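The values are calculated or read from the model by the stated rules, or taken from the named source; none is laboratory data. The shown structure was predicted, so the numbers you read here are calculated from the model rather than taken from an experiment. Methodologically, a virtual Cβ is constructed for each residue, glycine included, from the backbone with ideal geometry; neighbour enumeration extends over all protein chains shown. The area values use the complete protein model at the heavy-atom level, side chains included, leaving out ligands, DNA and RNA. Shrake-Rupley method; radii C 1.70, N 1.55, O 1.52, S 1.80 Å.
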Amino acid sequence: MRKSLPFIAGNWKMHKNIPEAVKLAQEIKDKSLPLTSGTLVLIPPFPALYPVYQVIQETPLKLGAQNVFWEKEGAYTGEVSPAMLEAAGCQYVIIGHSERRQYFKETDEDINKKIKAVLQTQLNPIFCLGESLETRQAGQTLEIIRQQLEKGLRSLQSEDIRRIIIAYEPIWAIGTGMTATPAQAQEVHAFIRDFIAQNYGNSTAEYVIILYGGSVKPNNAFSLMREKDIDGALVGGASLKADSFLEIFQEALKAYEEKK
Ligand code: PGA
């Protein structure tokens with residue numbers, strides 16, 4: 001079974017310089033401890049990774065990065081390797097966020113290479129996928145999700161899949177205040193779990209953590225997290241304040257208790 005749920009990760013995107021990031025991490029640490037169940041991951045921008053790690057080390061809070069390159073080292077100006085992230089204290093890394101796909105032209109093939117490179121280390125990938133508004137309106141959501149899963153996970157084995165966290169983030173819901181309804185999200189989550197079951201077996205499907213992302217806020221977290229296949233959230237905007245981030249975590253804990 002899936003361990004340490006709910007899983008709530010805060011993607012700070014390109015917000016917070018080092019002092020601001022340290023302050024936010026300190027506030028989250030002060031207000032969240034003792035953390036007796038669930039998983040909380042802080043995902044600051046690169047320069048703040050190690051400073052945030054210094055605040056949260058020796059606590060149950062975890063650190064993640066927002067992107068990674070697939071090569072181990074070399075002449076790749078501006079890129080960061082999986083081993084560098086590990087050395088900075090990361091346990092997780094987001095791969096294939098829609099903003100990377102859209103603004104930096106990342107393809108499903110790039111994402112597959114990144115996932116494979118990360119699996120060579122101890123890091124766990126948070127693999128993002130999701131449909132555009134046009135795709136949803138054309139009734140092609142599940143087809144696109146299937147293609148993203150097939151290409152992103154190409155040539156991986158069940159034991160690799162168990163280390164991957166999948167984040168379903170409908171593009172039209174990211175940063176827009178337009179959340180998917182619990183039923184819309186659950187439909188896609190169930191589809192993803194079914195895809196994993198068919199390709200990697202039932203026990204792997206039961207093991208894989210599937211997050212929802214896209215305008216998750218304290219007031220909608222409970223109804224989303226109550227859905228059977230939604231194991232947690234990837235939170236953008238609402239993760240930039242300790243109070244709203246931790247309220248989402250509390251709501252998710254309540255929903256998870258109800259589901260158990
Ligand atoms: P949002 O971002 O919560 O601000 O919509 C979610 C994400 O991009 O991970």
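Name every residue in segment 157-180 that is of a type in the set (S, T, N, Q) and either within 13 Å of the ligand (Cβ to nearest atom) or under 14 Å from LEU224 (Cβ atoms) (or both), in order of residue number. Please lay out each step first, then the result.
Pass one, segment 157-180, residues of a type in the set (S, T, N, Q): 157-158, 176, 179.
If the condition is that a residue be of a type in the set (S, T, N, Q) and either within 13 Å of the ligand (Cβ to nearest atom) or under 14 Å from LEU224 (Cβ atoms) (or both), then THR176, THR179 are the ones that fit.
Only one of (1) in a helix (DSSP H, G or I); (2) open to solvent by 40 Å² or more (accessible area, probe 1.4 Å); (3) among the hydrophobic types (A, V, I, L, M, F, W, C) fails for ALA205. Which number is that?
All conditions are met except number (2).
Which is open to solvent by 10 Å² or more (accessible area, probe 1.4 Å), within 14 Å of the ligand (Cβ to nearest atom) and under 17 Å from the mean Cα position of the chain (by Cα), of LEU246, LEU240, LEU224? Outline the logic, then answer.
Values: LEU246 fails: within 14 Å of the ligand (Cβ to nearest atom); LEU224 fails: open to solvent by 10 Å² or more (accessible area, probe 1.4 Å).
After ruling out the rest, the residue left standing is LEU240.
With the requirement that a residue be buried (at least 16 other Cβ atoms within 10 Å of the Cβ) and touching a Pro at 6+ places or on another chain (Cβ under 7 Å), what does segment 1-19 give you?
Scanning segment 1-19 gives TRP12, LYS16.
Could you identify the single residue in LYS105, LYS114 that is in contact with a strand residue (DSSP E or B) (Cβ under 9 Å, 6 or more places away or on another chain) and among the basic types (Lys, Arg)?
Working: LYS105 fails: in contact with a strand residue (DSSP E or B) (Cβ under 9 Å, 6 or more places away or on another chain).
Of LYS105, LYS114, the one residue that is in contact with a strand residue (DSSP E or B) (Cβ under 9 Å, 6 or more places away or on another chain) and among the basic types (Lys, Arg) is LYS114.
Looking at ILE210, ILE145 in this structure, which one is in contact with a helix residue (DSSP H, G or I) (Cβ under 7 Å, 6 or more places away or on another chain), within 30 Å of ALA48 (Cα to Cα) and either open to solvent by less than 40 Å² (accessible area, probe 1.4 Å) or part of a strand (DSSP E or B) (or both)?
Details: ILE145 fails: within 30 Å of ALA48 (Cα to Cα).
Only one candidate qualifies: ILE210.
Please pick out the residue among GLY64, GLY38, GLY89 that is touching a strand residue (DSSP E or B) at 6+ places or on another chain (Cβ under 9 Å), within 16 Å of the ligand (Cβ to nearest atom) and either of a type outside the set (A, V, I, L, M, F, W, C) or under 23 Å from ASP160 (Cβ atoms) (or both). First the steps, then the outcome.
Details: GLY38 fails: within 16 Å of the ligand (Cβ to nearest atom); GLY89 fails: within 16 Å of the ligand (Cβ to nearest atom).
Sole residue among the options that is touching a strand residue (DSSP E or B) at 6+ places or on another chain (Cβ under 9 Å), within 16 Å of the ligand (Cβ to nearest atom) and either of a type outside the set (A, V, I, L, M, F, W, C) or under 23 Å from ASP160 (Cβ atoms) (or both): GLY64.
May I ask you to list the residues in segment 29-65 that are polar (S, T, N, Q) and modelled with pLDDT of 95 or more?
Within segment 29-65, the first condition is being polar (S, T, N, Q), and the residues that meet it are 32, 36-37, 39, 54, 57, 59.
Once the filter is applied, which keeps residues that are polar (S, T, N, Q) and modelled with pLDDT of 95 or more, segment 29-65 yields THR39, GLN54, GLN57, THR59.
Would you please name the residue that is nearest to the ligand (Cβ to nearest atom), looking only at residues in segment 181-201 that are part of a helix (DSSP H, G or I) and under 17 Å from ASP160 (Cβ atoms)?
Within segment 181-201, the subset part of a helix (DSSP H, G or I) is 182-200.
Adding the requirement that they be under 17 Å from ASP160 (Cβ atoms) leaves 192-193, 195-200.
Details: ILE192: 16, ARG193: 20, PHE195: 21, ILE196: 21, ALA197: 25, GLN198: 27, ASN199: 25, TYR200: 25 Å.
Selected residue: ILE192.
How about segment 167-180: which of its residues are assigned to a helix (DSSP H, G or I) and open to solvent by 40 Å² or more (accessible area, probe 1.4 Å)?
The first filter runs over segment 167-180 and keeps only residues assigned to a helix (DSSP H, G or I), leaving 171-173.
If the condition is that a residue be assigned to a helix (DSSP H, G or I) and open to solvent by 40 Å² or more (accessible area, probe 1.4 Å), then ILE171 is the only one that fits.
For segment 227-237, name all the residues that are open to solvent by less than 10 Å² (accessible area, probe 1.4 Å), near the ligand (Cβ under 9 Å from one of its atoms) and in contact with a helix residue (DSSP H, G or I) (Cβ under 9 Å, 6 or more places away or on another chain).
Of everything in segment 227-237, those that are open to solvent by less than 10 Å² (accessible area, probe 1.4 Å), near the ligand (Cβ under 9 Å from one of its atoms) and in contact with a helix residue (DSSP H, G or I) (Cβ under 9 Å, 6 or more places away or on another chain) turn out to be ALA233, VAL235.
For segment 56-140, give me every one of the helices (runs of 4 or more DSSP H) that falls completely inside it and has 2 or more residues that are aliphatic (A, V, I, L, M) and open to solvent by less than 10 Å² (accessible area, probe 1.4 Å). Quick ask: steps written out before the conclusion?
Values: elements: 82-87, 98-103, 108-119, 133-137.
Correct list: 108-119.
Exactly one of these conditions fails for SER215: (1) open to solvent by 10 Å² or more (accessible area, probe 1.4 Å); (2) in a helix (DSSP H, G or I); (3) hydroxyl-bearing (Ser, Thr, Tyr). Give me its number.
It fails just one condition, (2).
How do the pairs read when you match residues in segment 224-251 that are more than 24 Å from VAL22 (Cα to Cα) and in a helix (DSSP H, G or I) with residues anywhere that are near the ligand (Cβ under 9 Å from one of its atoms) and at pLDDT below 95, using Cβ under 8 Å and keeping only pairs 6 or more apart or on different chains?
So the pair list comes out as LEU224/THR179.
Residues to consider are TYR207, TYR212; find the one that is aromatic (Phe, Trp, Tyr), under 24 Å from LEU119 (Cβ atoms) and either in contact with a Gly (Cβ under 8 Å, 6 or more places away or on another chain) or within 15 Å of the ligand (Cβ to nearest atom) (or both). If you could, list the steps in order and put the result at the bottom.
Details: TYR207 fails: either in contact with a Gly (Cβ under 8 Å, 6 or more places away or on another chain) or within 15 Å of the ligand (Cβ to nearest atom) (or both).
Within the list TYR207, TYR212, the selection yields TYR212.
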